[in-house]
1. Residue 280: closer than 22 Å to residue 96 by Cα, among the basic types (Lys, Arg) and either modelled with pLDDT of 75 or more or in a helix (DSSP H, G or I) (or both), yes or no?
2. Condition first: of a type in the set (Asp, Glu) and crowded, with 24+ Cβ neighbours inside 10 Å. Now tell me which residues in segment 137-152 satisfy that.
3. So how many residues does segment 79-101 have that are buried (at least 21 other Cβ atoms within 10 Å of the Cβ) and not in a helix (DSSP H, G or I)?
4. If only one of 76, 47, 3, 9 is modelled with pLDDT under 90, surrounded by 12 or more Cβ atoms within 10 Å (Cβ to Cβ) and either touching a Pro at 6+ places or on another chain (Cβ under 9 Å) or among the hydroxyl-bearing types (Ser, Thr, Tyr) (or both), which one is it?
5. Can you say whether residue 64 is surrounded by 20 or more Cβ atoms within 10 Å (Cβ to Cβ), within 28 Å of residue 46 (Cα to Cα) and among the β-branched types (Val, Ile, Thr), as far as the supplied structure shows?
6. Taking residue 195 as the residue in question, decide whether it is at pLDDT 85 or above, among the aromatic types (Phe, Trp, Tyr) and either crowded, with 20+ Cβ neighbours inside 10 Å or closer than 30 Å to residue 46 by Cα (or both).
7. Would you say residue 146 is of a type in the set (A, V, I, L, M) and farther than 22 Å from residue 75 by Cα?
8. Out of segment 219-232, which residues are closer than 17 Å to residue 102 by Cα and either in contact with a helix residue (DSSP H, G or I) (Cβ under 9 Å, 6 or more places away or on another chain) or of a type in the set (Val, Ile, Thr) (or both)?
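The values are calculated or read from the model by the stated rules, or taken from the named source; none is laboratory data. Nothing here was measured: the structure is a model prediction, and the numbers come from that model. A quick note on method: Cβ atoms are made from the backbone with ideal geometry, for glycine too, and the neighbour counts reach across all protein chains shown.
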Amino acid sequence: MTAPSRRTAYAVLGLLYLVGWGPGLVSALLVAAHARERGTIGPAAAALGAVQLLATGAAVLALVGCLARLSGLGLAELGLAPAPRGRRVRDLDCALAYLTALLLGGVLMGLAGSSGYPYGGAWYALPTLVSSALAGPTEELALLALPALLLRRAGEPPWRAGLVLVLVRLSFHVYYGLPVLGLLPWAVTAFVLVWRTGRVLPLVVAHSAWDLLSLGAHWSLLVRAVFELLVLAVLVLALGRGTLRLVRRRRPQAEDTTTSTAPSSPAATSGSSASTMQNRWPSRSRSTV
């Protein structure tokens, strides 16, 4: 079967965005235009909002599954399959890079004067909790992994695919106003990680954990303490992993020279190449629709 066309890939992205985030974009624009004028809601409205969010999230995930199946894509191709033992460290690095970008985005938004989303009273916690729990799987799959994979198979250059997907990710966060530009490092980092590694599972986990803990920090001192510990752990681990990578790259080249001059069998070389290809997204020539 032939590779998907660019038009098909962008149509998939547009359909997923319309179903999952079309109404949210309108709401975000209204909030941005009338910041701090949002009224409070009661328990009935909060419950209705939570049910609507659950239904929308389920529809988006079901649509992702159907479109992926029609394109001949499974969990492995989407980057959702559990990583082999030897690749789990790479998943950890992806999650750390993602969380570090979120931290940087939060700092930049704070410097730009953003004070967060204008919640309308305590009952907003219920629909916001549902939204935070669904943000990880829905956004990372519907607005990043699936469209990025289809665009890659269609031969779209990474700079153009990245530009489109980054703008899409930022569009429904405009309720922050101009400080939304502080989220640019996060959106770019997420795209680069998925495009280069083909792995989205660590991003889904990191995104969900971040949103749920940061939301809980607004309402509970205990959750705030856990969230602050997470931030500290991310900084320490990111610094440690970055330092370790730097040290490994600066090892004496004698070891590399010795290794490179050692003879290797054609079978070993072929096996290594096959293993590498299995852990990356399929190329355009192997794609299906």
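1. Here the answer is no, as residue 280 does not meet what is asked.
2. 140
3. Of the residues in that region, 1 qualify.
4. Details: 76 fails: either touching a Pro at 6+ places or on another chain (Cβ under 9 Å) or among the hydroxyl-bearing types (Ser, Thr, Tyr) (or both); 3 fails: either touching a Pro at 6+ places or on another chain (Cβ under 9 Å) or among the hydroxyl-bearing types (Ser, Thr, Tyr) (or both); 9 fails: modelled with pLDDT under 90.
It is 47.
5. When the stated conditions are applied, residue 64 passes them.
6. Judged against the criteria, residue 195 is not a match.
7. no
8. First, the residues of segment 219-232 that are closer than 17 Å to residue 102 by Cα: 224, 226-232.
224, 226, 227, 230, 231 - these are the residues of segment 219-232 that are closer than 17 Å to residue 102 by Cα and either in contact with a helix residue (DSSP H, G or I) (Cβ under 9 Å, 6 or more places away or on another chain) or of a type in the set (Val, Ile, Thr) (or both).
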